[in-house]
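Notes for the one structure printed next.
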Amino acid sequence: MVKQMRSIRTDMADESRAPGTGARMIQQQGVQDGIRVEQDGDEQVSITRVHVVSPLGEQNTGKPMGTYITMDMPGIRDRSRDLYEKTCKMLARELENLIRLNDNDTVLVVGLGNWNVTADSLGPRVASHILVTRHLHEYLPQEVDDGARPVCAIAPGVLGLTGIETGHIIKGVVDQIKPALVIAVDALASRNMNRVNASIQLANTGIAPGSGIGNKRIAIAQETLGVPVIAIGIPTVVDAATIVSDTIDLMIDGMMKQSPTDSALYNMLSNINRDEKYETILNILEPYSGNLVVTPKDTDEIVEYLSKLVANGINMALHKNIDTKDVDRFIQ
């Protein structure tokens with residue numbers, strides 16, 4: 001019986017690959033693998049759009065067919081106001097390109113996660129900063145600007161706090177208010193420490209809360225809710241085994257560069273199976289650390305900062321009259 005290798009833990013589509021496919025990353029794959037990749041943006045905010053276009057693409061990525069947009073902004077940790085506003089605008093643009101709505105369609109924004117755990121609190125914090133207008137459309141329609149769409153927001157908590165599956169809570173709300181679209185915001189896991197608190201991913205395929213840290217719940221997707229779902233997330237943690245694995249990879253690559261290509265050492269290093277190496281690291285660490293994930297020490301401040309950035313992008317995308325001059329204007 002062949003043992004199934006565990007893939008490196010990540011929610012980021014352009015980092016994904018099926019176990020056994022070697023070290024290839026999405027950026028190196030082409031449309032012949034069922035994947036189409038587009039690059040955009042600039043040095044400050046680079047954008048990678050991954051389109052999974054066939055069942056073969058699903059096999060190669062472990063992701064359902066759809067569009068996955070990753071925005072990398074490594075300088076965002078420096079808290080530059082110009083970059084902050086630029087990223088808000090670019091996020092709004094990418095979100096607008098995924099939205100297919102009429103002007104008066106209602107949108108439900110769902111902040112997934114546990115507000116008591118900083119690294120998992122992105123979703124609830126974003127929900128608290130959303131410009132909600134559905135109640136105004138219902139009770140004070142004469143006071144609502146033409147460009148203000150009906151928007152509502154909830155932070156349903158997590159199973160451990162409520163005793164109810166998050167998907168069931170959201171389904172109940174969707175059945176009652178019947179939105180045309182759900183935008184789900186959640187904290188993610190990355191396989192790259194440089195991306196933690198410095199990247200944003202959008203997807204039109206929904207999201208499975210907790211999947212990045214091995215705690216999979218009911219998917220928040222069109223198949224379960226009956227309406228389109230766009231997921232927005234920021235990686236706030238990285239798996240400890242991934243850090244160890246990447247460190248060893250750097251050591252291997254460095255040793256290979258220093259070794260003659262015809263040497264026994266070079267041949268040994270080049271034949272190391274990277275999937276088996278990761279599996280070995282997991283087996284070694286699990287008795288001591290379990291499902292250990294790592295997050296930077298300044299997570300408190302940066303998650304609040306990024307939650308406002310995401311909320312600004314959503315507000316700008318949903319309400320016609322809000323643009324860069326209104327950044328942070330409606331943030332509580």
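The values are calculated or read from the model by the stated rules, or taken from the named source; none is laboratory data. This one's a predicted model, so the numbers in the text were calculated from it and none came from an experiment. Glycine also receives a Cβ, built like all others from the backbone with ideal geometry; neighbour counts cover every protein chain displayed.
Given the condition part of a helix (DSSP H, G or I), outside the structural domain of ASP186 (by TED's automatic domain parsing) and touching a helix residue (DSSP H, G or I) at 6+ places or on another chain (Cβ under 6 Å), answer yes or no: does some residue in region 267-279 qualify? Yes: one or more hits.
Name the single residue that is nearest to the chain's Cα centre (by Cα) among those in region 232-248 being over 13 Å from ARG195 (Cβ atoms) and touching a residue at least 60 places away in the same chain (Cβ under 8 Å). Among those that are over 13 Å from ARG195 (Cβ atoms) and touching a residue at least 60 places away in the same chain (Cβ under 8 Å), it is ILE232.
Taken as a whole, region 285-301 holds at least one residue that is part of a helix (DSSP H, G or I), buried (at least 16 other Cβ atoms within 10 Å of the Cβ) and assigned by TED's automatic domain parsing to the domain that holds GLU96. Every condition in (1) assigned to a helix (DSSP H, G or I); (2) at pLDDT 90 or above; (3) not assigned by TED's automatic domain parsing to the domain that holds ASP105 holds for THR261 except the one numbered (1). When we screen ARG81, ARG93, ARG77 for residues that are within 15 Å of ILE200 (Cα to Cα), more than 15 Å from the chain's Cα centre (by Cα), surrounded by fewer than 20 Cβ atoms within 10 Å (Cβ to Cβ) and modelled with pLDDT under 95, the only hit is ARG77. Which residues, taken from region 291-332, are within 22 Å of the chain's Cα centre (by Cα), polar (S, T, N, Q) and more than 13 Å from LEU131 (Cα to Cα)? Within region 291-332, ASN291, THR295, THR299, SER307 meet the criteria. Counting the residues of region 302-317 that are among the hydroxyl-bearing types (Ser, Thr, Tyr) and surrounded by 20 or more Cβ atoms within 10 Å (Cβ to Cβ) gives 1. The residues in region 140-160 that are part of a helix (DSSP H, G or I) and modelled with pLDDT of 90 or more can be counted, and the count is 0. Residue selection: LYS63 fails the criterion of being basic (Lys, Arg) and modelled with pLDDT of 95 or more. Pairs only if they're at least six apart or on different chains, beta carbon under 7 angstrom, first in region 23-51 and at pLDDT 60 or above and of a type in the set (Asp, Glu), second assigned to a helix (DSSP H, G or I) and surrounded by 11 or more Cβ atoms within 10 Å (Cβ to Cβ); list them, first residue then second. Qualifying pairs under 7 Å: ASP33/LEU56; ASP33/GLY57; ASP33/ASN60.
Give me the residue from region 228-247 that is outside any strand (DSSP E or B) and modelled with pLDDT under 90 and, out of that set, surrounded by the fewest Cβ atoms within 10 Å (Cβ to Cβ).
Of the residues in region 228-247, the ones outside any strand (DSSP E or B) are 228, 240-247.
Still in the list and also modelled with pLDDT under 90: 240-247.
Values: ALA240: 19, ALA241: 25, THR242: 23, ILE243: 17, VAL244: 16, SER245: 20, ASP246: 16, THR247: 11.
The qualifying residue surrounded by the fewest Cβ atoms within 10 Å (Cβ to Cβ) is THR247.
What are the pairs, 6+ residues apart or on separate chains, where a residue within region 113-133 that is farther than 13 Å from GLU301 by Cα and free of Cβ contacts under 8 Å to residues at least 40 places away in the same chain has its Cβ under 6 Å from a residue that is surrounded by fewer than 24 Cβ atoms within 10 Å (Cβ to Cβ) and of a type in the set (Gly, Ala, Ser)? Pairs that qualify, where the first residue is farther than 13 Å from GLU301 by Cα and free of Cβ contacts under 8 Å to residues at least 40 places away in the same chain and the partner is surrounded by fewer than 24 Cβ atoms within 10 Å (Cβ to Cβ) and of a type in the set (Gly, Ala, Ser), are PRO124/ALA155; VAL132/ALA153.
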